[in-house]
Amino acid sequence: MAFSKKMENHAHAVALHFFAANYCRPHMTLTKARGGVHTSPAMAAGLTDHIWKIEDLVAMMDGSVKVG
């Protein structure tokens, strides 16, 4: 992980970490609960229907993908 003296950069890094943890990473307890279907916390909450790839996040950030 990188270090920055600017609080704004730190806030962005934390937001990216939380996004990746909730949208891009399947969690084993959720996967077991759904009978082996890889499930992220965002899927369990009904916010998305698939596990995101980091490439999806990057595409969304550079403006090439519309959200919503």
Of the conditions (1) among the aliphatic types (A, V, I, L, M); (2) open to solvent by 100 Å² or more (accessible area, probe 1.4 Å); (3) in contact with a His (Cβ under 7 Å, 6 or more places away or on another chain), the single one that I51 does not satisfy is (2)
So if I check each of A20, A42, A13, which one is more than 17 Å from M61 (Cα to Cα), part of a helix (DSSP H, G or I) and touching a residue at least 12 places away in the same chain (Cβ under 8 Å)? A42
Scanning segment 23-39 residue by residue, those surrounded by 12 or more Cβ atoms within 10 Å (Cβ to Cβ), of a type in the set (S, T, Y) and part of a helix (DSSP H, G or I) turn out to be Y23, T31
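The values are calculated or read from the model by the stated rules, or taken from the named source; none is laboratory data. Remember, predicted model here, so these are calculated numbers, not experimental data. Using ideal geometry, Cβ is built from the backbone for each residue, glycine included, and neighbour counts are taken over all protein chains shown. Note: accessible area is taken over every heavy atom of the protein model, side chains too, but ligands, DNA and RNA are not part of it. Shrake-Rupley method; radii C 1.70, N 1.55, O 1.52, S 1.80 Å.
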